[in-house]
Each structure stands twice: as C-alpha cells, then as structure tokens.
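Working notes, beginning with the structure itself.
The values are calculated or read from the model by the stated rules, or taken from the named source; none is laboratory data. On a predicted model such as this, the values are computed, not experimentally measured, just so you know. As a convention, Cβ positions derive from the backbone with ideal geometry for all residues, glycine included, and neighbour counts pool all protein chains shown.
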Amino acid sequence: MTGEQATAAADRWRLIRRRAARAYLILLVLLVILVGVPTDRGSLLLIILAGLGVTCLGRGWRAFGRVLLDWLPFTFVLVVYDVSRGIARIIGLPLHERDIADADKAMFDGTVPTVWLQNRLLDPGSPHWYDALATLIYTTHFLATPIVAALLWLRNRAIWISFIVRVVALSVAGLITYVLFPAAPPWYAARDGVIPPAIRASARGWTWLHLNHAGNLLSEGQLAANAVAAMPSLHTAFATLIALFVVRHLSSRWRWIALGYPPLMGLALVYLGEHYVVDVLAGVAYAVATDLGVSAWERRHRAKRPISTDVATK
C-alpha cells in the first residue's frame with residue numbers, strides 16, 4: 001500500500017468512526033429516553049464496551065482485544081463487589097438505625113435534615129422541578145464513574161489505571177464497612193418509626209420529566225440492592241473522588257467547578273431520603289482517605305519504577 005493509499009484509508013476509517021460515534025450517541029439517548037438509565041454493571045459494561053469499540057474501528061483486532069483485557073478484569077471486580085454486598089445480610093450483625101439518626105439530630109439541634117427538607121419542599125401529590133434536578137443528580141452516580149473511566153482510558157492508560165485503583169479501593173472499603181456496620185438510611189428508619197415520616201423520593205423526579213419508565217427501572221434496581229448499606233455514602237464518595245481527580249489532572253480553570261459535584265450530590269441524597277448528613281460526611285472522608293492512601297502507594301511505586309501520569313492523547 002502506497003503512502004497515498006494509506007492516507008486515504010486512514011481518512012476513510014476516521015470518517016467511519018465519526019459516523020459510528022454519532023449513531024452510538026443517538027442510540028444511547030434513545031435508550032435512556034425509552035428504557036431508562038441503566039444502573040446494573042452488566043448493562044453499563046456493554047454500553048462502555050460498545051462506545052470504546054467504536055474508537056477501535058479500522059485499527060485491527062488487537063485494539064479490540066486491548067479493550068477487553070483492560071475492562072473485563074475491572075468489571076469482574078465490581079460485579080464481585082455487587083454480589084458480596086449481600087454478605088451483610090448473611091452475617092446478620094446488629095443494624096445501626098437509631099444511633100445514626102441521633103448523630104444527625106446532634107449536629108442539627110434535634111432535627112433530622114431529611115425530614116426538615118421533605119416537610120418544606122416535597123409535595124406528595126406533584127413533583128416539582130427541583131425533584132427532577134435531585135433525581136438527575138442522584139442518577140449521575142451510576143454513570144459518572146464509568147464515563148470518567150472511559151474518557152481516561154482513551155486519553156492515557158496510566159492515569160486510567162490510577163483512577164481504577166482508587167475506584168476498586170474505595171469500593172472494597174465501602175463493602176467492608178457495610179458488612180461490619182450495616183446502617184439504615186432515613187427512609188428505612190422512618191418506615192420503622194425511628195424518625196418522623198420521610199419517603200424514598202429518588203425516583204420521583206422522573207415523573208416531572210414524564211419519564212416514568214426510567215423511574216420504574218431505577219426502583220427495580222434499588223429493590224435488588226442492599227437496603228442497609230448507608231454508611232458511608234458511596235454516592236458522595238465517588239462524586240468526591242471524581243472531583244479530586246478532575247482538579248488534579250486537568251489544567252483548565254473550569255476544573256474547579258467539579259468541586260461543586262460532591263455537595264450537590266450530598267444535598268440531593270439527604271433530601272431524597274437516601275442518606276443522613278453523617279453518611280455523606282463519611283463518604284467524603286472515605287474518598288479523601290482512599291485518594292491519599294493510593295497516592296502514597298503510587299509515590300513509593302514511582303520511586304522504584306517511574307511512570308508518566310501526564311494527560312496525553314494515545
């Protein structure tokens with residue numbers, strides 16, 4: 001193949017990748033609108049692999065193989081994590097319900113923030129725009145981590161590995177805590193009469209958005225999850241981890257906006273009845289501790305075998 005033919009072939013494949021990427025995005029938007037936001041690992045894996053597969057078109061089977069070799073072990077670890085969350089039920093350690101509620105009351109002069117917010121903002125008969133906003137913020141938890149991981153994989157594999165190590169370490173830390181310290185969220189405690197009435201409102205916003213099927217999909221996913229895994233809030237922990245990673249590895253002045261993601265997530269979780277404030281604070285602490293711990297490990301590792309972590313295009 002001559003140089004001109006190689007250039008023409010490269011241009012042709014570049015055009016194919018662009019068109020395939022547009023088709024992929026259109027199908028992804030239709031999936032969310034017609035079916036809902038996927039929350040299970042299997043569906044998310046297929047979506048991520050399909051998107052990364054588009055970037056491999058015209059680059060040979062080795063490129064596809066690298067995607068599978070990088071992503072399947074990582075996904076396997078997270079699937080094992082999901083399955084292992086049920087260990088807490090098997091072990092049957094005492095449920096922390098009243099003590100967690102009392103911790104929030106101690107911080108807020110006898111008031112449970114979830115109850116206070118829902119009494120003033122939540123309309124049982126009709127969701128409002130802020131219910132939709134809270135639901136969307138809550139839902140980003142299921143998408144943000146895999147999307148950030150996919151973007152990092154496309155930009156620099158070394159930084160992707162650094163991020164993945166933190167994701168796995170944080171997941172393991174959360175799992176250990178869930179097993180040893182099962183804790184009920186506000187909606188669970190309200191159901192048991194431990195705190196004044198409060199509901200699990202995380203899916204209500206889909207009604208305002210006229211996407212009830214998306215709410216049904218989210219509710220089905222919640223039914224399959226461990227209901228007493230509130231401490232720490234991994235929703236907040238992963239939001240914090242993403243914010244720390246963005247601030248550290250991006251050079252744009254707009255990167256500081258990412259620091260607003262954890263408090264927005266925390267506020268949405270408290271309002272929706274998913275977590276107490278103390279759960280949210282614990283999530284931040286877990287993320288910071290994980291980031292510092294992995295950073296220390298990376299420094300020791302680099303001292304033995306220096307690696308570049310500068311963002312660069314593959």
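Observations on the structure shown:
- The residues of the stretch 256-276 that are in a helix (DSSP H, G or I) and surrounded by 20 or more Cβ atoms within 10 Å (Cβ to Cβ), listed by number, are 262, 265, 266, 268, 269, 270, 271.
- Residues that are among the hydroxyl-bearing types (Ser, Thr, Tyr), assigned to a helix (DSSP H, G or I) and either at pLDDT below 90 or over 22 Å from residue 103 (Cα atoms) (or both) occur at least once in the stretch 175-186.
- For the stretch 61-114, the set of residues classified as among the hydroxyl-bearing types (Ser, Thr, Tyr) and either modelled with pLDDT under 80 or touching a Pro at 6+ places or on another chain (Cβ under 9 Å) (or both) consists of 75, 81, 84, 114, listed by residue number.
- With respect to being in contact with a helix residue (DSSP H, G or I) (Cβ under 6 Å, 6 or more places away or on another chain) and within 20 Å of residue 243 (Cβ to Cβ), residue 159 fits the description.
- Tally, over the stretch 99-121, of residues that are of a type outside the set (S, T, N, Q) and in contact with a Phe, Trp or Tyr (Cβ under 8 Å, 6 or more places away or on another chain): 10
- Scanning the stretch 143-190 for residues that are surrounded by fewer than 17 Cβ atoms within 10 Å (Cβ to Cβ) and of a type outside the set (A, V, I, L, M) yields 155, 157.
- Looking across the stretch 129-157, the residues that are modelled with pLDDT under 90, farther than 20 Å from residue 78 by Cα and not charged (D, E, K, R) come down to 154, 156.
- The residues of the stretch 245-254 that are over 16 Å from residue 156 (Cβ atoms) and either surrounded by 12 or more Cβ atoms within 10 Å (Cβ to Cβ) or not assigned by TED's automatic domain parsing to the domain that holds residue 153 (or both) amount to a single one, 247.
- Selection status of residue 163, at pLDDT 90 or above and either among the β-branched types (Val, Ile, Thr) or within 30 Å of residue 108 (Cβ to Cβ) (or both): no
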